[in-house]
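Each reported figure results from applying straightforward, stated rules to the coordinates on display, with no laboratory input. Everything numeric here is computed off the predicted structure, so don't read it as measured data. No Cβ is skipped: glycine too gets one built from the backbone with ideal geometry, and neighbour counts run over all protein chains shown.
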Amino acid sequence: MDNQGDNFAGGFLAGAVFGSIVGGALGALLVSRLPETSDQVFLESNPEGKPRKRRKRQLKEATELNIEEARQGLEAKIAQLNDAIDDVRRQLSNVNGDVQNPGE
């Protein structure tokens, strides 16, 4: 048992070191192939180096029809989740030997 633990620890450590080396080399290779224009565009549009503000997404105007459709969709998903929860509860009660009425 102790020998297996040593083998696991050694293999885990070797895998972590090997993965770090391969991942670092792959990352360096990919970064070197990125076009330099992406950095230039950022610096030209923002010379101070401050992060740009993200644009907010335009939301649809909340009409009563959109709200009603969203509500119905959410109700359907909630019903599906409730059914799934009931199924799992029944399965677990059958596994534990506590047979309940299916109507509960």
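Here the extension length gained between D87 and L34 equals 14.0 nm, from 0.36 nm per residue of separation less the Cα-Cα distance. Model label points for Q80 and T63, set 7 angstrom from Cα along the Cα-to-Cβ axis, are 2.6 nm apart. Panel order for S20, S32, by other beta carbons found within 10 Å of each beta carbon, from fewest to most: S32, S20.
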